[in-house]
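The values are calculated or read from the model by the stated rules, or taken from the named source; none is laboratory data. From a predicted model like this one, the values you see are computed outputs, not experimental measurements. Don't worry about glycine lacking a Cβ; one is built from the backbone with ideal geometry, like all the others, and counts go over all protein chains shown. For accessibility, only protein heavy atoms count, side chains too; no ligands or nucleic acids. Shrake-Rupley method; radii C 1.70, N 1.55, O 1.52, S 1.80 Å.
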Amino acid sequence: MADDRTALESEARHFHALFFRRPLPGPVVERYVAANRLCFPVLDRKAREMVETIVARRLDAEAIELALRLRKGSRVLTRKIQILFYLVEVRSEYYACFINQVPGWWRAVLRLFGAVVRSGWKCAKGLYLVWRYDFV
Amino acid sequence: MYDAVIVGSGPAGAFSAYALQGRNVLVLDVGYRPPKIHDLEGNLYALRQQREDLFEELIGSGFEGLHNVHKRNISLKLKSPYMSYIVRDWAKLMPVESRNFEAVASFALGGLANAWGAGVFRFTAKDLESFPIDVADLEPFYDEISNHMGISGANDDLAPYFGAEPHLLPPMRLTKLASDILDRFRMRKAGFERQGITMGRPRLAVLTEPHNGRAAYQYDNLEFYRPYDPAIYNPAFTVDELVARNRVTLRTGYLVREYREQDGGVEVTARNLSSGSYEKFLGKNLILAAGTLGTSKIVLETNRDYESRLPILDNPMACIPLFRLSRIGAALEIHDSALGQLNLIYQGAGSPGLLQGTIYGTTGPLRSDVLFQFPLSIWANLTWARYLSPAMALLMLFYPGSSDSSNYIRLKPDGTLDINYEWKSNQVAERRLIRAFRRIGYLSAAALCQYPAMGSSLHYAGTLPMKASAGRYQTGADGRLYGTKAVYVSDGACFSELPAKNLTFTIMANALRIARKVRASLE
């Protein structure tokens, strides 16, 4: 159980660092561990090894998640990151990450365009990583 | 012996009780209620900025808000911690098996109407063509319920399709986006009408002014998170009011299993969920109002019939996102509502009858509820959600219930309901609507349409349909079940057809009509 807890805490920290440039609040780590125990009481070996490899090698989980989602592969990574997003979205310090507070059309359009370009790059990178590490 | 035993407290049960109040009436229900709510007052978005952490309120200590992450999808409205009582234990108390129908039932006081969209639609003569009753039979009951619960809206171009409401409260305030859609529609109204599209304001069982002791709506965006908003009508309000005035008796914690007719009445057998024992209740009449699935199960169980396949109706849905490019990056309107903003009717090409659409904003759910449905990377999806939400509306298009004979509900010997419902859109109507909206500056694409699984509309009906000359597993025009002397069906199960409209208001009116006839027979 202690090992499991350490692994889940590392997961939370790794995923969080990919998306948010701030320290991960303690209560979110606690809840991430508890939520994973509820949502994934038993993870199949393949999924567990995939997540362990991503965390241990500091791989780009965003890219791998996109590749797996588009290829309709394992949903475990998507769900784990989704849990983290739920847990941070309900905290006020993350409000601006989810809700735009600075109105502006050009700025928004440029960011949307950038997001699409970034997605293309992440998709290519993700497909390579999925192939390289045999994540299915 | 009671004058009547009513099973269920949803829209049908509440108005059956309302009709029979003052008589010796028993309402039997499981009757779950919301948990105690700790201080969830104010606007959702203001609260999200002001309170450090809304975990308890939006996710819940039991992680209720994560339901769809690890369990079968249910409506976003049913999974938040204070709303999850609506579907508490339903899969245990009424298991359903299906490969293509995502059924949901409620054992809460007030039933699934605890989470309804509050859309109020009268059935027209065309909608009632297959029924053995007509508009004149329902009209006085619609009027009475309208006065009782309070309806806001406008008698506009949609009145011929939704019926004219004599006593409307002022319509709800529109968001900038909805207001813009309506203005642009009005400028090109003739063109839209040539394509069979009519648009107007929705009629909602939502108070825009205080009414019958209930407060007006606050535009606080909390419909997904806080139950029993006094401004949004809930049948539980009526049941509680009748009980408080000693007009009916309510016994909760009972799951009705079956009934048996005997001399002078009906014996109802129900399981006491606390003790596990079975108890019997006697009534001169029995009114089944347990919701379409619940009522069907009771009838089939009573007959020990594990073979018959009853018909079932549900509204197929298509969800079309609409984007207004000029509003990209605008400030989110936080004083909004998750309720319907506009309604439209489509009766053009590709329509298997009259289709009804409701346009919603996007401020109700959390972003995490929808982020992972878009085909970009997570960070890109988050960026799109952040900047595109103020520019986005969702058109939820409802199709009429399909009377295809391959759609059925059956009770298995182990008590599980087996449901089959097949439907596939040919996308003709969606494409036509997308083209029409493009002409007024709202973009979309057929590839972006989403099709919620059958059963997601929660508009279940037609398992024990009313017929002029009823046969086995059918009901008469008075709601009486064929082959019985005093067993009535007053919920959606007795609908003969399901037009593309929310059926709740008509369930209420029909239940009131049927129960008034029962009352007349007692007097």
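Can you tell me which residue within region B:409-444, out of those that are surrounded by fewer than 17 Cβ atoms within 10 Å (Cβ to Cβ) and aliphatic (A, V, I, L, M), is nearest to A:Arg111 (Cα to Cα)? Selected residue: B:Leu443.
One residue alone among B:Ala520, B:Ala515, B:Ala509 is modelled with pLDDT of 95 or more, open to solvent by 40 Å² or more (accessible area, probe 1.4 Å) and part of a helix (DSSP H, G or I), and that residue is B:Ala520.
All of B:Thr463, B:Thr416 fail the test of being touching a residue at least 60 places away in the same chain (Cβ under 8 Å), more than 19 Å from B:Val489 (Cα to Cα) and of a type outside the set (D, E, K, R), apart from B:Thr416. Residues that are of a type in the set (Ser, Thr, Tyr) number at least 1 in the following helices (runs of 4 or more DSSP H) confined to region B:133-219: B:135-149, B:159-162, B:176-187.
Residues in region B:368-382 that are open to solvent by 10 Å² or more (accessible area, probe 1.4 Å) and either more than 9 Å from every other protein chain (Cβ to nearest Cβ) or not acidic (Asp, Glu) (or both): B:Val370, B:Phe372, B:Gln373, B:Phe374, B:Pro375, B:Leu376, B:Trp379.
One line per residue, one yes/no per condition, for (1) assigned to a strand (DSSP E or B); (2) modelled with pLDDT under 95:
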| position | (1), (2) |
| --- | --- |
| B:Glu223 | no, yes |
| B:Leu250 | yes, no |
| B:Ala270 | yes, no |
| B:Leu293 | no, no |
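Of the residues in region A:1-17, at least one is part of a loop (DSSP other than H, G, I, E, B), more than 10 Å from chain B (Cβ to nearest Cβ) and either open to solvent by 10 Å² or more (accessible area, probe 1.4 Å) or modelled with pLDDT of 95 or more (or both). Only one entry of B:Leu109, B:Leu93, B:Leu182 meets the criterion of being touching a helix residue (DSSP H, G or I) at 6+ places or on another chain (Cβ under 8 Å) and either open to solvent by 30 Å² or more (accessible area, probe 1.4 Å) or modelled with pLDDT of 95 or more (or both), and that entry is B:Leu109. Count of region B:333-358 residues, restricted to those that are within 14 Å of chain A (Cβ to nearest Cβ) and either under 17 Å from the mean Cα position of the chain (by Cα) or crowded, with 17+ Cβ neighbours inside 10 Å (or both), is 2. Counted as qualifying within region A:54-136 are the helices (runs of 4 or more DSSP H) with 2 or more residues that are open to solvent by less than 10 Å² (accessible area, probe 1.4 Å) and more than 7 Å from every other protein chain (Cβ to nearest Cβ), namely A:61-70, A:76-89, A:105-132. Residue under question is B:Ser406, and the condition is that it be away from chain A (no Cβ under 12 Å), under 30 Å from B:Ala105 (Cα atoms), open to solvent by 20 Å² or more (accessible area, probe 1.4 Å) and free of Cβ contacts under 8 Å to residues at least 60 places away in the same chain; does it hold? Yes, satisfied. Of all residues in region A:20-53, which are in contact (Cβ under 8 Å) with a residue 60 or more places away in the chain and either touching a helix residue (DSSP H, G or I) at 6+ places or on another chain (Cβ under 8 Å) or within 14 Å of chain B (Cβ to nearest Cβ) (or both)? Those that are in contact (Cβ under 8 Å) with a residue 60 or more places away in the chain and either touching a helix residue (DSSP H, G or I) at 6+ places or on another chain (Cβ under 8 Å) or within 14 Å of chain B (Cβ to nearest Cβ) (or both): A:Phe20, A:Arg22, A:Pro25, A:Val28, A:Met50.
Quick test of your reading of the structure: A:Gly26 fulfils all but one of (1) modelled with pLDDT of 95 or more; (2) among the small types (Gly, Ala, Ser); (3) farther than 19 Å from B:Leu54 by Cα. Name the failing condition by number. Looking at each condition in turn, A:Gly26 falls short on (3).
Every residue, every condition in (1) touching a strand residue (DSSP E or B) at 6+ places or on another chain (Cβ under 6 Å); (2) acidic (Asp, Glu); (3) closer than 30 Å to B:Ser326 by Cα, yes or no:
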position	(1), (2), (3)
B:Ile419	yes, no, no
B:Val428	no, no, yes
B:Lys467	no, no, no
B:Arg472	no, no, no
B:Thr475	yes, no, no
B:Ala493	no, no, no
B:Ala520	no, no, no
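Go through region B:1-15 and give me each residue that's part of a strand (DSSP E or B) and among the aliphatic types (A, V, I, L, M). Once the filter is applied, which keeps residues that are part of a strand (DSSP E or B) and among the aliphatic types (A, V, I, L, M), region B:1-15 yields B:Ala4, B:Val5, B:Ile6, B:Val7.
When the helices (runs of 4 or more DSSP H) confined to region B:16-102 are screened for residues that are within 24 Å of the chain's Cα centre (by Cα) and more than 17 Å from A:Val88 (Cβ to Cβ), those reaching at least 2 such residues are found at B:67-70, B:90-93.
Yes/no matrix, rows are residues, columns are (1) of a type outside the set (Ser, Thr, Tyr); (2) outside any strand (DSSP E or B); (3) under 22 Å from B:Ala125 (Cβ atoms); (4) in contact with a Phe, Trp or Tyr (Cβ under 7 Å, 6 or more places away or on another chain):
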site: B:Trp423; (1), (2), (3), (4): yes, yes, no, no
site: B:Leu433; (1), (2), (3), (4): yes, yes, no, yes
site: B:Arg438; (1), (2), (3), (4): yes, yes, no, no
site: B:Met454; (1), (2), (3), (4): yes, yes, no, yes
site: B:Pro499; (1), (2), (3), (4): yes, yes, yes, yes
